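Chemist: This is the structure I want to talk about, given as C-alpha cells.
Bear in mind these aren't lab numbers, they're just calculated from the coordinates by the rules spelled out. Source: prediction; values computed, not measured. Cβ placement follows ideal geometry from the backbone for every residue including glycine, while neighbour counts extend to all protein chains displayed.
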Amino acid sequence: MEPEVVGKVNELIATGQYGRLFAVVHFASHQWKVTSEDLILINNELDIACGERIRLEKVLLVGADNFTLLGKPLLGKDLVRVEATVIEKTESWPKINMKFKKRKNYRKKKVIVNPQTVLRVNTIEIAPCLC
C-alpha cells in the first residue's frame, strides 16, 4: 500500500470523519453486507440464547464514504470489530409438500417448518491505526 494513502485513511479514522461504516461479513455460509442496526435473518438455529451478544469475526471488507479496506481473504481481528445481538428465534412459514398419484388412493402431505434466527448488528468499529 502507498504510505500517503495509509496516512490519509489513518487521519480520517483518527478524526472520526468517515461517516457510516459498512462491512461484508461471512456468517452461516453466506456473505452479508451490513451496517449498524441492520437485521440478519439466518435460516438455521444457532446455539446462542436470545439477548446474547456475539462477535462476527470473518470480516471480508469494511468501508465508508471515502475509503474501503479489503481483506485478502479476511481482515484481521485486531483491525475490525463487528458485534451483533440475537434478537429472536423463530420458525419459517410452513411449506407444504404434497405427493399425489391419480386413481391409486395415494396422498401424502408433509409440512416443513425450518428454524430461523434473527441477529441485529450493533456496532462496526475500526482500530484507530492501520499500521
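Chemist: By the scheme Lys and Arg +1, Asp and Glu -1, what is the net charge of all other residues having a beta-carbon under 13 Å from that of Glu45?
Modeler: -2
Chemist: Among the lysines, which have Cα under 23 Å from the Cα of Lys101 when same-chain residues fewer than 8 positions away are ignored?
Modeler: Reachable lysines: Lys109, Lys110.
Chemist: Taking K and R as +1 and D and E as -1, what net charge do the other residues with C-beta under 10 Å from the C-beta of Glu125 add up to?
Modeler: 0
Chemist: Now, a different point. Please label the shape of the chain as rounded, prolate or oblate, based on the square roots a ≥ b ≥ c of the eigenvalues of the alpha-carbon gyration tensor (a/c under 1.5 means rounded; beyond that, a/b larger than b/c means prolate, else oblate).
Modeler: Prolate.
Chemist: With n ≥ 4 as the cut-off for DSSP H runs, can you work out [θ] at 222 nm for the chain, using -39500 (n - 2.57) per run divided by the number of residues, rounded to the nearest 500?
Modeler: It lands at -3000 deg cm²/dmol.
Chemist: Name the residue from Asn114, Ala23, Leu39 whose Cα lies farthest towards the positive end of the charge dipole of the chain, charges +1 on Cβ of Lys and Arg and -1 on Cβ of Asp and Glu.
Modeler: Asn114
Chemist: Please get the size of the charge dipole for the chain, origin at its Cα centre, with Cβ charges of +1 on Lys and Arg and -1 on Asp and Glu, quoted in debye to the nearest 20.
Modeler: Around 2020 debye, computed over the chain.
Chemist: Here's another thing I want to ask about it. What stretch of the chain, leaving out the sites themselves, is the longest with no GluC sites (Glu not before Pro) in a DSSP loop having at most 15 other Cβ atoms within 10 Å?
Modeler: 58-131
Chemist: While we're here: For the chain, the longest stretch holding no trypsin sites (Lys or Arg not before Pro) located in a DSSP loop with at most 16 other Cβ atoms within 10 Å is which?
Modeler: 21-57
Chemist: Follow-up question, since we're still on this one. Counting alpha carbon pairs within less than 8 Å and at least 6 residues apart, what relative contact order, in whole percent, applies to the chain?
Modeler: Over the chain, the number comes to 30 percent.
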